[in-house]
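Here the structure comes first, spelled out in structure tokens, and everything after it is commentary.
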């Protein structure tokens, strides 16, 4: 069972729309090493741990926390897209907007109505094959280190 609290841990609001940065954040949300992957990976590893106790609890607690990271990223992507110009006519009148739209993820406009997606930064849908839950705790913990390291690296690069 999961519990949802309406209050976000961080209530950051961008000063202006930034669809290019929203596109980049899509990678941290729905990419191979993104928050959707690690949340489901921890949860499935926990559910796959048949011995009750600290390791199962730790995996399930961590997976639940990762769901909050998904919510934070999805909320920020939506906020970065809110008010973003989408009409090509507007872009033709303002070269700065044209430059921004040139790198905007068109799926944010066409598919999700200026909202986040379960996809990476180039629109490739998130894939359940990204999740590793082998039943071998040591191997899974080592893989989790790789996943967390890759996720952190991508966040720092942004």
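Quick note: the coordinates plus some simple rules give every number you see, no bench work behind them. None of the values given here were measured: they were computed from a predicted structure. Cβ sites come from the backbone with ideal geometry, for glycine too, and all protein chains shown count toward neighbours.
Annotations for the structure displayed:
- Length gained on full extension, residue 21 to residue 65, computed as 0.36 nm times the residue gap minus the Cα-Cα distance: 13.4 nm.
- Model label sites at residue 137 and residue 118, defined 7 Å from Cα along the beta-carbon direction, differ in position by 3.0 nm.
- Once the chain from residue 50 to residue 6 is taken as fully extended at 0.36 nm per residue, the excess over their C-alpha distance is 12.6 nm.
- Helix 35-48 and the longest principal axis of the C-alpha atoms of the chain enclose an angle of approximately 20°.
- Per-residue ellipticity at 222 nm computed for the chain from its helices equals -19000 deg cm²/dmol, with DSSP H segments shorter than 4 residues left out and the rest contributing -39,500 (n - 2.57).
- Most mobile listed residue (105, 136, 48) in the chain, GNM with C-alpha springs under 10 Å: 136
- Within the listed set 14, 85, 52, the Gaussian network model of the chain (springs between alpha-carbon atoms below 10 Å) gives the highest mean-square fluctuation for 52.
- Between residue 148 and residue 78, the modelled labels are 2.9 nm apart [label points 7 Å from Cα along Cα→Cβ].
- The GNM of the chain, with springs linking C-alpha atoms under 10 angstrom apart, assigns the highest mean-square fluctuation among 24, 13, 54 to 54.
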